[in-house]
Every structure is written in C-alpha cells, then in structure tokens.
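Enquirer: Provided herewith is a single structure, encoded as structure tokens, for subsequent inquiry.
Read the figures in this text as sums done on the coordinates, not as results from a lab. It should be emphasised that the depicted structure is a prediction, and the values quoted were computed from it without experimental measurement. Positions of Cβ are backbone-derived with ideal geometry, glycine not excepted, and every protein chain shown enters the neighbour counts.
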Amino acid sequence: MKKHNLRDRALFYEKENGDKVRCTLCPRYCLISLGQKGFCKTRYNREGELVLLNRDRYCGLHYDPIEKKPLYHLSPKSKIFSIGSFGCNFTCDFCQNHQIVSNPEYSGTFTEDFILEKATSESSIGLAYTYNEPTVWYEGMYSLAVKLKKMDQRYKNVVVTNGYINEKPLVDLLPYVDGMNIDLKSIREDFYKKYCGGRLEPVLKTIALAAQKTHVEITTLLIEPLNTTPDEIQKIATTIAEIDDNIPLHLSRYFPTHRMQLSPTAINTIIQAKDIAKRYLKRVYIGNVPGLS
Ligand code: SF4
Ligand code: SF4
C-alpha cells in the first residue's frame with residue numbers, strides 16, 4: 001500500500017458507500033466519489049480519503065490596514081499581514097476576487113514558517129485569512145492560527161469569511177480567533193440561492209456563534225435593487241441587533257464586476273440604508289464611498 005503525507009489530509013470528512021467520502025467542513029456536505037473534487041475544488045477523494053489540493057498554497061501576501069478587512073473596532077490604525085488562496089464554497093455573481101478564487105495557479109507554495117515570519121514583522125499585528133474564502137483552506141488557517149498564538153498570545157488572527165462553515169470546525173477554530181468580518185450578503189434565502197449558490201441560515205448561525213466567542217463585524221455589499229429595499233435593510237439590522245446591537249455593520253457600495261453588471265449602487269441609497277440600520281444598531285458604516293463612512 002502506498003504511503004501518503006498526512007499533512008495534506010482533510011480534517012473533516014467521513015467515509016461513505018465504499019470508496020466515497022462526505023466532506024463535513026461546510027454546509028454543502030459534498031459527497032465525493034473516487035478521484036473527484038468537492039464543490040470548492042480544494043479537496044478531493046484520493047483512494048477513499050479526502051485530501052487537500054491547497055495545503056501551503058497562498059496568494060495575496062500583503063500588509064493591509066486592518067480597516068480594509070473591514071474591521072474598525074479591533075486594533076484601529078494597525079496593519080496586518082494578509083493571505084488568501086484559491087477556491088470557494090460559494091459562487092457569487094459579484095465576486096471581486098473571482099480570478100484568484102478560480103485560478104489555482106495564482107497561488108504559490110509558501111512554508112508556514114515564512115508566513116509566520118511575515119505576520120510578525122514590519123509592525124504587523126498578526127495574520128488575516130482573507131481574499132478568497134478561508135473556510136476552504138481551513139487546515140492551513142487553523143495550523144497557522146495555533147502557531148501564531150503559540151509565538152505570542154498578543155498576535156491577532158483575523159478571519160474574513162462568508163460564514164459558510166459547519167459548527168464543529170468553527171468551534172475548534174474560534175479559541176484562536178481575535179476578530180472576524182462575516183459577510184451577510186442578504187437576509188433572503190432566495191438571494192443566497194440565486195446570486196451566491198449558497199444558503200442564508202448557516203451564515204446566521206455562524207454569526208450568532210462567533211459573536212459569543214470573538215469580536216465580529218459584518219459586511220453587506222449593497223447591490224441596487226437586489227438587496228437594498230428599506231424592508232430588507234431593516235431586516236438585516238434587526239437580525240443583527242437580536243444577536244448584539246453592538247456588532248458593527250459595514251454597508252459597502254457595489255460596483256459591477258464578474259457576472260454582475262448592474263450599475264453601481266447610488267450613493268443616496270447607501271446613505272438611506274445607513275439611516276435605517278442606525279435605528280437598530282449602534283455602529284453602522286458606509287464602505288467603498290470615498291469621503292463617507
Ligand atoms: S468545503 Fe468544499 S468539499 Fe467540503 S463540503 Fe464545502 S464545498 Fe464541499
Ligand atoms: S464568498 Fe467571497 S470569495 Fe466566495 S465567491 Fe462570494 S465573494 Fe467570492
């Protein structure tokens with residue numbers, strides 16, 4: 001029997017029906033046949049085991065202001081070393097990072113020692129897992145997060161995510177996480193289904209769970225007219241407020257990209273949305289509009 005490197009073994013899966021495997025990392029629960037990949041294209045069935053195609057594969061590698069994540073209430077005015085990889089468990093029509101998401105060759109191979117050295121240099125406060133969806137490179141994120149905290153508890157791990165992750169992997173990761181920005185792309189299941197290829201309900205669960213354990217801020221990309229009605233903004237804000245009305249909400253302006261070619265959202269629409277959200281939440285910000293916040 002061939003020996004394989006356990007380092008590229010996925011952490012969350014179960015064997016099913018002979019040589020098939022069921023990935024249990026995210027709510028898609030992909031059932032993956034021998035030699036096939038899961039929906040996110042980052043893990044595949046090799047000889048009845050689920051293995052990773054993205055271990056140690058990173059892109060972006062950049063020092064960013066923490067406000068760019070966006071996180072406004074975690075170490076303001078500091079910078080953080082930020083990395084991404086390829087793949088995603090959503091298929092958003094408006095994905096701003098679709099090129100790195102869908103092209104594995106945009107990522108290179110980097111050791112964890114190299115990433116950690118960067119994360120702790122140049123006055124960086126730590127490491128941000130961002131750009132594509134870090135859930136689909138969970139094993140790398142988890143390993144780096146644990147090692148960074150072992151180096152010094154004061155270093156920060158920051159996760160920028162769509163929130164589409166199952167409870168067990170999330171709960172395992174949260175003790176090492178200092179802050180999360182979680183997308184709440186809409187408050188409607190039909191929006192998530194049509195424009196993101198996912199579901200809303202698991203995202204709401206992630207927000208509620210994460211907010212109990214770490215600092216959470218939320219981003220909603222406002223795409224007029226798809227998720228900008230006063231009714232929808234009110235529901236977004238009240239849903240967050242039911243969890244905690246201190247959670248900051250970032251209302252970000254959409255511009256045409258990828259498969260979504262609607263006109264940019266009107267600035268007045270964003271201002272009105274902020275006014276509505278402010279009735280329920282203490283901290284609401286406008287993003288992607290120079291001069292407004
Ligand atoms: S992480 Fe990827 S392979 Fe696993 S269930 Fe989600 S989409 Fe499928
Ligand atoms: S969740 Fe983020 S990275 Fe994934 S497709 Fe949507 S916008 Fe792109």
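Enquirer: Can you work out D for the chain in µm² s⁻¹ from Stokes-Einstein, where Rh is the Kirkwood radius over C-alpha pairs, the temperature is 10 °C and the viscosity is 1.306 mPa s?
Expert: 81
Enquirer: Could you state the angle between the C-alpha long axis of helix 138-151 and the longest principal axis of the C-alpha atoms of the chain, as a value from 0 to 90 degrees rounded to the nearest 10?
Expert: 80
Enquirer: Right, something else. Show that you can apply the helix-only estimate: for the chain, add -39,500 (n - 2.57) for every DSSP H stretch of four or more residues, divide by all residues, and state [θ] at 222 nm to the nearest 500.
Expert: -7500 deg cm²/dmol
Enquirer: Can you tell me the FRET efficiency between Asp245 and Ser123 if r is taken as the Cβ-Cβ distance and R0 is 30 Å, rounded to the nearest 0.05?
Expert: Numbers: r = 33 Å, r/R0 = 1.11.
According to the calculation, E is roughly 0.35.
Enquirer: Given 0.36 nm per residue, what is the gain on full extension from Arg279 to Glu167 after removing their alpha carbon distance, in nm?
Expert: Stretched out fully, the Arg279 to Glu167 stretch lengthens by 37.2 nm.
Enquirer: Can you tell me the 0 to 90 degree angle between the C-alpha axis of helix 230-243 and the longest principal axis of the chain, rounded to 10?
Expert: So the helix axis and the longest Cα principal axis differ by about 60 degrees.
Enquirer: Right, something else. Between Arg9 and Glu105, how high is the FRET efficiency from 1/(1 + (r/R0)^6) when r is the Cβ-Cβ distance and R₀ = 22 Å? Nearest 0.05.
Expert: Taking R0 as 22 Å, the efficiency between Arg9 and Glu105 is 0.40.
Enquirer: Please compute the modelled spin-label separation between Leu262 and Arg199, points set 7 Å along Cα→Cβ, answer in nm with one decimal.
Expert: 2.5
Enquirer: How far is helix 201-213 tilted off the main Cα axis of the chain, in degrees rounded to 10, range 0 to 90?
Expert: Value to nearest ten degrees: 90.
Enquirer: Hey, with R₀ at 22 Å, roughly what FRET efficiency would Asp152 and His62 work out to, going by the Cβ-Cβ distance, to 0.05?
Expert: Working: r = 22 Å, r/R0 = 0.98.
FRET efficiency, Asp152 to His62: 0.55.
Enquirer: Looking at the chain only, what percent of DSSP beta bridges run antiparallel? Nearest 5 please.
Expert: The antiparallel fraction comes to roughly 45 percent.
Enquirer: Using a simple spin-label model with points 7 Å from Cα along the Cα→Cβ vector, what separation in nm is obtained for Thr238 and Ala208?
Expert: For Thr238 paired with Ala208, the spin-label model returns 1.6 nm.
Enquirer: A further question on this structure: Would you please give the residues with an amide H less than 5 Å from that of Leu50, counting only those at least 5 places away or on a separate chain, with H modeled from the backbone geometry?
Expert: It is Ala10, by chain and number.
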